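Encoded as structure tokens, the structure appears first; notes follow it.
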Amino acid sequence: MSRKHRRPGRHFLQIPGPTPVPERILAAMSRQILDHRGLEFGELGRRVLSGIKGLFKTQGHVIIYPSSGSGAWEAGLTNTLSPGDKVLMCETGQFAVLWEAMARRLGLETDVIPTDWRIGADANAIEKKLRADTGRKIKAVCVVHNETSTGCLTRLDEVRKAIDAAGHPALLMADAISSLAAADLRHDEWGVDVTVAGSQKGMMLPPGLSFTAISAKAIEATKTAQLKKSYFAWDDMLAINATGYFPYTPATGLLYGLAEAIDMINEEGLENVFARHARLAEATRRAVRAWGFETQCRDAKYYSPAVTTVQMPEGHNADAYRKIVLDNFNMSLGTGLNKIAGKAFRIGHLGDTNELTVLGALTGVEMGFELAGVPHKKGGVAAAMSYIAETANPAEAAKAAAE
């Protein structure tokens, strides 16, 4: 019987989620389980339910489910819509595809705006669709804020302006699963009605929790929604959340970790968290350009601060390359999904990551090109290093990345 070969040092998990979990969060999660109907748990529940609001920039309710982000997707649709309702969706990548498939399986009619998977949702196209909907059959506009498969960020503020310009009453729903605590997100200011997110990306937690910020308009929609729901019913959650408790057994260990994660983000400062992500993302893109490659995102307006998707040269398989990197440097890179499978790989730079983490990852990427015989120019890591050194002030870095 062969024994597994030990690999010294830490594994570089450079996929765009799940992301590495900080020691502080792991330690917090190791606490003994509480009575989830006891006074101490009520204090924990109130703490996390209140604290998570600040990360969404909302004064409204945020619901926490023991589920993946897909559960929050389903909850958002089923609590606000009825069978046969039409939803407008933008196919910006694989996760938009999956959300649309779920909507159809739930009995909704979908109207999909296609893209080439190289930009975020086009607000002008959304406005055009809504203006043409004179019968007001579209009940919701669903967009992925940060498309993890492509590295494209949708401008939610522009989508809200498009809906308002069309004078349309549709709900605005946003998937912020890979943008919460990684990209600026303003649930209230941008008039988002349903914003869903998950624990395993910018929040630095293991998978297992989903978060749903909801507006007063979304709550009003629940009064007439006819899609079936039980476990994901918002009314049950809202009623008991007011006291810090949950209608069923909660994921206590993850809630311990969530409390710690919220503290860590607030200690750094939310705006500083955004600036750090923007800076490391720009450093990564500069490395990609220096190697002579293209990012999947073709327009700087839509650059993601959470993940960079890199197109491989013709004739070179991205998954074969990723295996070489894993086997030789103990680093996991994200795979290309759906129509870009084998044609691209993804570099995650979100969550508990810093300058040296990203530079180490980019070094593994560049050495991997050499070993795999992938034609590239030298100096990608050097380009990233120069940018990081020149922009040591995170506030200045965010400004430079936006120019």
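The values are calculated or read from the model by the stated rules, or taken from the named source; none is laboratory data. On a predicted model such as this, the values are computed, not experimentally measured, just so you know. Note that each Cβ is placed from the backbone with ideal geometry, even for glycine, and that neighbours are counted across all protein chains shown. What goes into the accessible areas is simple: the full protein's heavy atoms, side chains included, and nothing from ligands, DNA or RNA. Shrake-Rupley method; radii C 1.70, N 1.55, O 1.52, S 1.80 Å.
Report the residue count in the stretch 236-251 for those that are in a helix (DSSP H, G or I), in contact (Cβ under 8 Å) with a residue 40 or more places away in the chain and open to solvent by 30 Å² or more (accessible area, probe 1.4 Å). Residues flagged as in a helix (DSSP H, G or I), in contact (Cβ under 8 Å) with a residue 40 or more places away in the chain and open to solvent by 30 Å² or more (accessible area, probe 1.4 Å) within the stretch 236-251 amount to 1.
Restricting the stretch 76-101 to residues that are among the small types (G, A, S) and crowded, with 22+ Cβ neighbours inside 10 Å leaves a set whose member that is nearest to V62 (Cα to Cα) is G76. Is at least one residue of the stretch 252-262 of a type in the set (V, I, T), open to solvent by 70 Å² or more (accessible area, probe 1.4 Å) and either more than 23 Å from Q59 (Cα to Cα) or in a loop (DSSP other than H, G, I, E, B) (or both)? Looking through the stretch 252-262, none of the residues is of a type in the set (V, I, T), open to solvent by 70 Å² or more (accessible area, probe 1.4 Å) and either more than 23 Å from Q59 (Cα to Cα) or in a loop (DSSP other than H, G, I, E, B) (or both). Within the stretch 145-161, the set of residues being over 26 Å from K339 (Cα atoms) and either surrounded by 24 or more Cβ atoms within 10 Å (Cβ to Cβ) or among the basic types (K, R) (or both) comprises R160, K161. For the stretch 208-217, the criterion of being more than 19 Å from the chain's Cα centre (by Cα) and assigned to a loop (DSSP other than H, G, I, E, B) is met by at least one residue.
Give the number of residues within the stretch 126-141 that are assigned to a loop (DSSP other than H, G, I, E, B) and among the β-branched types (V, I, T). Step through it out loud before you land on a result.
Going through the stretch 126-141, the residues assigned to a loop (DSSP other than H, G, I, E, B) turn out to be 133-137.
Checking which are among the β-branched types (V, I, T) leaves us with 134.
Adding up the residues that qualify gives 1.
Tell me whether the stretch 192-200 contains one or more residues that are open to solvent by less than 20 Å² (accessible area, probe 1.4 Å), of a type in the set (S, T, Y) and either at pLDDT 95 or above or part of a helix (DSSP H, G or I) (or both). Taking every residue of the stretch 192-200 in turn, at least one turns out to be open to solvent by less than 20 Å² (accessible area, probe 1.4 Å), of a type in the set (S, T, Y) and either at pLDDT 95 or above or part of a helix (DSSP H, G or I) (or both).
Of all residues in the stretch 49-70, which are assigned to a helix (DSSP H, G or I), of a type outside the set (V, I, T) and open to solvent by less than 10 Å² (accessible area, probe 1.4 Å)?
From the stretch 49-70, those assigned to a helix (DSSP H, G or I) are 49-56, 69-70; that's our starting set.
In the following step, the residues that additionally are of a type outside the set (V, I, T) were identified as 49-51, 53-56, 69-70.
Passing the criteria: L55, F56, G69.
Put simply, of P66, P18 the only residue that is touching a residue at least 60 places away in the same chain (Cβ under 8 Å), under 21 Å from the mean Cα position of the chain (by Cα) and farther than 27 Å from L333 by Cβ is P66. Kindly indicate whether S215 is of a type in the set (S, T, N, Q) and farther than 30 Å from T134 by Cβ. Judged against the criteria, S215 is not a match.
Restricting to the stretch 214-235, give me the number of residues that are farther than 10 Å from L81 by Cβ, surrounded by 14 or more Cβ atoms within 10 Å (Cβ to Cβ) and hydrophobic (A, V, I, L, M, F, W, C). Matching residues across the stretch 214-235 total 6. Within the stretch 312-343, the set of residues being touching a strand residue (DSSP E or B) at 6+ places or on another chain (Cβ under 8 Å) and under 25 Å from A197 (Cα atoms) comprises S332, L333, G334, T335, G336, I340, A341.
Within the stretch 102-125, the set of residues being more than 20 Å from W73 (Cα to Cα), open to solvent by less than 40 Å² (accessible area, probe 1.4 Å) and either among the hydroxyl-bearing types (S, T, Y) or not in a loop (DSSP other than H, G, I, E, B) (or both) comprises T115, A123, A125.
Taking the stretch 1-38 only, how many residues are of a type in the set (S, T, N, Q) and exposed (fewer than 15 other Cβ atoms within 10 Å of the Cβ)?
Here is the first cut: in the stretch 1-38, the residues of a type in the set (S, T, N, Q) are 2, 14, 19, 30, 32.
If we keep only those that are exposed (fewer than 15 other Cβ atoms within 10 Å of the Cβ) as well, we get 2, 30, 32.
Total meeting the criteria: 3.
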